[in-house]
Every structure is written in structure tokens, then in C-alpha cells.
């Protein structure tokens, strides 16, 4: 199997979520945020992450461009959710991971959230922005000035 096929954000999300689950099961150290508020918050984060990611994928499909992070897009999407964030799928992934960590009651794993953000930026966002910058030049420069990377 070609590594680029598995080097995609959902695989990283699953790996980080698995680490959090393992930590919750084997190394909780008695720390807990368990409660109704945490349950509600985890559900809201997971739900919001899924909705944001779906809205982003719909925009990619509407513009008939690739959703795969290692490919060069045929169009620069700036509509819909992309008016608010340059990386709504990654934002959705971060929200999902945070929600899962809370759902698993994996308090120590909250440290994984900024590490996950760092991985997403280094492995995917920065290379994607370089490709967009080379292909769409002035359009991307304008979009980059108008729209924040995350929110």
C-alpha cells in the first residue's frame, strides 16, 4: 500500500483517539472530568466537528475538486464554510478529538489536542497552503488575508 493513501487526517485522528482511549483505560491516575456537563460538551464537540467537516466536503464536491490533502486542487474553495475558516475539515477533526477525549474521560490526553493541531499543520496545512499559493497566487494571497486558518 502506498503510504500517501494512509497518510491522511482521518488516520491520524483515529490514532490520536486510540491513544486517548488507551490512556483512559490504563493510566487514568484517578483524574476525572466525568459528569453531565462533560457529557454534553463532548457530544456538542463531536457533533459540531462532524457537521463542520461534512459542510466542508460538500463545498469541495460542489467545486469538483479533490478533498485529498496530498493532491493539488483544481479549484480554490472560498464559499460556504470556507468563508469562516481556511481549514474547516481540520477544525472538525480537532473538535472531534477533543470531544472523544472528554467522552473517554481521558484527562491526561487533553495534551494530545495541541500536538494533533501541530501534526495537522506540519503534515497537511502548510504543504497544502504552499500548493494553493503556487497555483492560485493572488487569489490565495487575498483569501489568506481575509480568512483565518482555523476560525
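We did not get these values from a lab; they are worked out from the coordinates using the rules stated. Worth saying up front: this structure is predicted, and the values here are computed from it rather than measured. Backbone-built Cβ (ideal geometry, glycine too); neighbour counts: all protein chains shown.
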Using only Cα atoms and rounding to the nearest 10 degrees, what angle (0 to 90) does helix 126-146 make with the longest principal axis of the chain? 70 degrees
The chain shape via C-alpha gyration tensor axes, a/c threshold 1.5: prolate
Per 0.36 nm of contour for each residue apart, how much would the distance between residue 14 and residue 110 grow if the chain were fully extended, relative to their Cα-Cα spacing? 33.0 nm
How high is the FRET efficiency from residue 34 to residue 151, r the C-beta distance, R0 25 Å, rounded to 0.05? 0.35
Counting only helical runs of four or more DSSP H residues, what would the 222 nm mean residue ellipticity of the chain come to if each run contributes -39,500 (n - 2.57) and the total is spread over all its residues? -21000 deg cm²/dmol
Cα-projected label distance for residue 58 with residue 79, points at 7 Å along beta-carbon direction, nm: 1.2 nm
What angle, in degrees between 0 and 90 and rounded to the nearest 10, separates the Cα long axis of helix 88-104 from the longest principal axis of the Cα atoms of the chain? 0 degrees
Taking the Cα atoms only, what angle lies between the long axis of helix 36-62 and the longest principal axis of the chain, rounded to 10 degrees? 20 degrees
Pair residue 44, residue 72: separation of 7 Å Cα→Cβ label points (nm): 4.3 nm
Give, as ranges by residue number, the residues of region 102-137 whose backbone N falls under 15 Å from the point 7 Å along Cα→Cβ of residue 21. 102-106
